[in-house]
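Single-structure report; data block below.
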Amino acid sequence: MGMTVDHCGLAPRWRLALLDLDGTLYRGDVPVAGAGEFVERLRKHGVQPVFFTNNATRTPQQVAERLQAMGIKATPQEVCTAAQAAAHWLRQQVGIGSVVAFIGMEGLREALVEEGLQPVHVRDLGDRAALTVRAAAMGLDRHVTYADLAKFCKIVIRLGRFVLTNPDLALPSADGVEPGNGSFGRLVQLVTGVEPTVTGKPEPYFVEYALRRFAALAQETFIVGDNPRTDIAAGRRAGIYTIRVLTGLSEEAGSDLPEPDSVVRSVADLFLDETQG
Ligand SMILES: [Mg+2]
């Protein structure tokens, strides 16, 4: 059963669509049926699609290539990652040129460079250089070691703060779950007693960052995602229209879950009012 975004409420004219990736446009390596056509429908109606992901490991180029490989047209400029939001927040806090110690992969390193910061992975950080560090950032790092975590904790204790790109505790994998960035963030918090600043979903900062970057208003913007605790929560807290799809996370019940403005089975069922644009 189809549903138009206009018929489920709010603005007469949408300009920006924040699209979750895993569970919304694809599942693992398989695109959701009709996802590519949905993204093209948005473009045809003058709505800018933004590929809006908590995954901080990949660069925008890598995210766009992954989407393209699944038949979903995307450019790196249309990708918005929690790593980019973290880097933007850090630049505002500590200023261009600051040395940022990080645990993470290429997605976070590149985002920090793009904001004019000087990222140094903790494993490459000597004791003297550690004294010049102005900020600490943590994203998922599939090669992280005990020595990396120990050094990072020492820096966090000295600074009294750190940024966590996203709080996802576990990630779905082909054969179960794997540790997400949030579980490593909890570890650092337990050891240091320092609570992180989170920049990814469900924090509204991530949505606000996207609105500024794409010069759109909250009332012109909607978010589509499968996860009530991250996608829908972030959208609600930032005051944008929220649409839940059922192609990702298995049904989770609970009265504490944030309620979306509307629910559709899949993005294939989501249409914009044909009178628009
Ligand atoms: Mg998802």
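The values are calculated or read from the model by the stated rules, or taken from the named source; none is laboratory data. Please read these numbers as outputs of a predicted model, since none were measured by experiment. In this analysis, Cβ positions are derived from the backbone assuming ideal geometry, glycine residues included, and neighbour counts consider all displayed protein chains.
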Test each condition in (1) closer than 22 Å to Leu112 by Cα; (2) in contact with a Gly (Cβ under 9 Å, 6 or more places away or on another chain); (3) within 16 Å of the ligand (Cβ to nearest atom) for Glu203 and report the one that comes out false. (2)
Scanning the stretch 163-176 for residues that are in contact with a Ser or Thr (Cβ under 8 Å, 6 or more places away or on another chain) and assigned to a strand (DSSP E or B), the one farthest from Gly104 (Cα to Cα) turns out to be Ala170
Among the residues of the stretch 207-224, which ones are within 16 Å of the ligand (Cβ to nearest atom) and not aliphatic (A, V, I, L, M)? Phe222
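So is Arg244 more than 19 Å from Phe51 (Cβ to Cβ) and at pLDDT 95 or above or not?
When the stated conditions are applied, Arg244 does not pass them.
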For the stretch 155-174, does any single residue satisfy the condition of being in contact with a Leu (Cβ under 6 Å, 6 or more places away or on another chain) and either surrounded by fewer than 23 Cβ atoms within 10 Å (Cβ to Cβ) or without any contact (Cβ under 8 Å) to a residue 60 or more places away in the chain (or both)? no
Can you confirm whether the stretch 179-186 contains a residue that is farther than 22 Å from Ala35 by Cα, among the hydrophobic types (A, V, I, L, M, F, W, C) and within 14 Å of the ligand (Cβ to nearest atom)? no
What single numbered condition from (1) within 16 Å of the ligand (Cβ to nearest atom); (2) modelled with pLDDT under 95; (3) closer than 25 Å to Leu171 by Cβ fails to hold for Ala253? (1)
Quick one: which of Thr24, Thr4 is at pLDDT below 95 and more than 25 Å from Arg109 (Cβ to Cβ)? Thr4
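Please state which one of Ala150, Ala69 is closer than 18 Å to Val194 by Cα, among the aliphatic types (A, V, I, L, M), without any contact (Cβ under 8 Å) to a residue 12 or more places away in the chain and surrounded by fewer than 21 Cβ atoms within 10 Å (Cβ to Cβ). Before the answer, list the steps.
Values: Ala69 fails: closer than 18 Å to Val194 by Cα.
The conditions single out Ala150.
State yes or no: is Val207 modelled with pLDDT of 95 or more and in a helix (DSSP H, G or I)?
yes
For the stretch 225-235, give me each residue that is touching a strand residue (DSSP E or B) at 6+ places or on another chain (Cβ under 6 Å) and either in a helix (DSSP H, G or I) or more than 10 Å from the ligand (Cβ to nearest atom) (or both).
Answer for the stretch 225-235, where residues must be touching a strand residue (DSSP E or B) at 6+ places or on another chain (Cβ under 6 Å) and either in a helix (DSSP H, G or I) or more than 10 Å from the ligand (Cβ to nearest atom) (or both): Asp231, Ile232, Gly235.
If you take the residues in the stretch 72-93 that are β-branched (Val, Ile, Thr) and touching a residue at least 12 places away in the same chain (Cβ under 8 Å), which one is surrounded by the most Cβ atoms within 10 Å (Cβ to Cβ)?
Thr81
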All positions within the stretch 163-193 that are hydroxyl-bearing (Ser, Thr, Tyr), at pLDDT 95 or above and under 23 Å from Asp20 (Cα atoms): Thr165, Ser183
Would you confirm, using the coordinates I've provided, whether Ala56 is touching a Gly at 6+ places or on another chain (Cβ under 9 Å), more than 12 Å from the ligand (Cβ to nearest atom) and not basic (Lys, Arg)? yes
